[in-house]
Amino acid sequence: MAKTVKLADIAKEVGVSVVTVSKALAGQKGVSEEMRERIIRLADEMGYRQPSARDEAKGKNIGILLHEKHFSKYNSFYLNMYQLLATELSSHGNFGLLEIASYDLEKKLLLPGFIKEGKVDALILQGEFSKEYCEFIKKRAGVPVLYLDFCDEAMDVVSVVSDSFYGSYYLTNYLFDHGHRDIAFVGSLLQTTSITDRYLGYVKSMMEHGANVRPDWQIEDRDKTSGIIFTPDKLRLPMEMPTAFVCNCDLTAGVLIKRLEEDGYSIPDDFSVVGFDNFIFPGVCDVDITTYEVDAMQMVRSTAAAVEKLIAGSEVKKGMQIVTGHLVEKKSVKKRG
């Protein structure tokens, strides 16, 4: 049986995006007449068959690429987000196909299997990938590409992210409201855009309250090569301790609490701790963590809606779509004095 010619095949031959090919064949604006004629002629030569109404009714396959670093023992936040995303795509009549990206695949700039085999109509990169890999994917995927829960400085892709900056700012303000001034941040800077944004939100609050932003109170929480969060015994605490900690995620907050408890401290009696996400694997720690809840459901809804528009060849504004969340009070913060 002859291989079905897809828009991606034509786009690859011409050297343009799938969206441009779709517009050209549909007679939409945004394509020069010269390019439109070239695409139509090539489509005819390659044996491209315009989908019938029945074909259009069939769902699209959406590739979801998740890095293996997000699958450490207790780190299930992204798996939970993937399940929400797959469910949302299904409600639109589409199918979410998951593939795990190995460190090797990213480092060697290799295409995911479902891209090489032409199995997907769009690709969602979920979680952080290197700048080099993102540039490689944008050039070689041959299908629309979106980012979920991270972005890059190019701003030429739809990126749906949580409000990391202001979420962390509100959490730090919350600690000041509870009488704390000596506040540390736990998170490895530049490891992900969200960690860095959360640190900057913390810094904004510290500066506005006239508090010192001490280098020794910026505490590394993960291995910089693998991106995997430390176990409690590997978390290095400062010689002079703060009274409170802003953690870049709930998993890190849980690890910190476990380390402090192993050192003989009690939370929140001795130290106050806040996290981010409002999602933690059961059993990581025995303290309910005050946190900033990420609206994961709205994030996946925005991503699924953008995917549909891109596949249809509709105009979609590139750049960040920031989804706000809200602070959730629990039991890991105690008022001072």
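All of the numbers you see were taken from the coordinates with simple rules; none came from a lab. From a predicted model like this one, the values you see are computed outputs, not experimental measurements. Note that each Cβ is placed from the backbone with ideal geometry, even for glycine, and that neighbours are counted across all protein chains shown.
Rounded to the nearest 20 debye, the dipole magnitude of the chain is 880 debye, with +1 charges on Lys and Arg beta carbons, -1 on Asp and Glu beta carbons, and the Cα centre as origin. Residues considered: Thr303, Thr20, Thr252. Largest GNM mean-square fluctuation over the chain, using C-alpha springs under 10 Å, is found at Thr20. Taking amide H as placed 1.01 Å from N in the peptide plane, Met320 has its amide H under 5 Å from the amide H of Ser159, each at least 5 places away in sequence or on another chain. Bridging of Lys258 to aspartates and glutamates at a Cα separation below 17 Å is possible for Glu220, Asp221, Asp233, Asp250, Asp269, Asp270, Asp286, Asp288, once same-chain residues fewer than 8 apart are set aside.
Amide hydrogen proximity for Leu98: with H placed 1.01 Å from N in the peptide plane, the residues at 5 or more positions away or on another chain lying under 5 Å are Ile64.
Looking at this model, which pairs from Lys60/Lys309; Lys12/Lys131; Lys116/Lys138 are more than 18 angstrom apart at the alpha-carbon? Write out the running numbers ahead of the final one.
Details: Lys60/Lys309 12 Å; Lys12/Lys131 22 Å; Lys116/Lys138 14 Å.
With Cα atoms farther than 18 Å apart: Lys12/Lys131.
Rounded to the nearest 10 degrees, the angle from helix 250-262 to the longest Cα principal axis of the chain is 30 degrees.
DSSP bridge analysis restricted to the chain gives an antiparallel fraction near 10%, rounded to the nearest 5.
Tell me the mean residue ellipticity at 222 nm calculated for the chain from its helices only (DSSP H runs of n ≥ 4, each -39500 (n - 2.57), averaged over every residue, nearest 500).
Numbers: 12 runs with 130 residues, N = 337.
The helix-only estimate for the chain comes to -11500 deg cm²/dmol at 222 nm.
The residue list Leu256, Gly187, Thr303 was ranked by how far each Cα lies along the charge dipole of the chain toward its positive end, using unit charges on Cβ atoms, and Thr303 comes out on top.
Which entry in [x] 1.04; [y] 1.06; [z] 1.15 is this structure's computed Rg/Rh (Cα atoms, Kirkwood Rh)? Of the listed options [x] 1.04; [y] 1.06; [z] 1.15, [y] comes from this structure. Our coupling estimate for the range 116-127, obtained by passing each phi through the Karplus curve with A = 6.51, B = -1.76, C = 1.60 and θ = phi - 60°, is 4, 8, x, 8, 10, 9, 7, 10, 10, 8, 10, x Hz, Gly and Pro reported as x. Across the range 298-308, computed HN-Hα scalar couplings (Karplus, 6.51 cos²θ - 1.76 cosθ + 1.60, θ = phi - 60°) run 5, 4, 6, 5, 5, 5, 4, 5, 5, 4, 4 Hz from first to last residue, x flagging Gly and Pro.
By the gyration tensor of its Cα atoms, with a ≥ b ≥ c the square roots of the eigenvalues, what is the shape of the range 71-126: rounded for a/c under 1.5, prolate for a/b over b/c, or oblate? Since a/c reaches 1.5 but b/c is at least a/b, the shape of the range 71-126 is classed as oblate.
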